[in-house]
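Everything below concerns the one structure shown next.
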Amino acid sequence: MCPLSAFLTVGPHVKTDALAMPKEASGPETSLLTTPAWDSLAHMRLVLAVEAHVGRQLTPDEIVSIGSLSDVHVLLTGAP
């Protein structure tokens, strides 16, 4: 299982809670620009969920680099 899948299956509620959207309605293409519920608070909830998954705080550069669920994948794997 890829790290993004592992992250998203740690608790399906993580993405749903952070972005306030059903699991079925999102995928790697889900982004800050296409998801009305992805506001600054949802962004921070997603950041906190990623930090809990990786066991460390994200750097400011890492935090601002997250603009889509694909970006989360890149962050977790280091590969585009």
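The values are calculated or read from the model by the stated rules, or taken from the named source; none is laboratory data. Everything quoted here is computed from the prediction, not taken from an experiment. Reconstructed Cβ throughout: ideal geometry from the backbone, glycine too, with neighbour counts over all protein chains shown.
I'd like to check which helices (runs of 4 or more DSSP H) are fully inside the range 1-72 and have at least 1 residues that are of a type in the set (A, V, I, L, M, F, W, C), loosely packed, with under 14 Cβ neighbours inside 10 Å and at pLDDT 90 or above.
Helices (runs of 4 or more DSSP H) meeting the threshold: 40-54, 60-65.
Can you find even one residue in the range 32-52 that is of a type in the set (V, I, T), within 18 Å of G78 (Cα to Cα) and touching a residue at least 24 places away in the same chain (Cβ under 8 Å)?
The answer is yes; a qualifying residue exists.
Within the range 17-58, work out how many residues are among the hydroxyl-bearing types (S, T, Y) and out of contact with any helix residue (DSSP H, G or I) (no Cβ under 9 Å at 6 or more places or on another chain).
2
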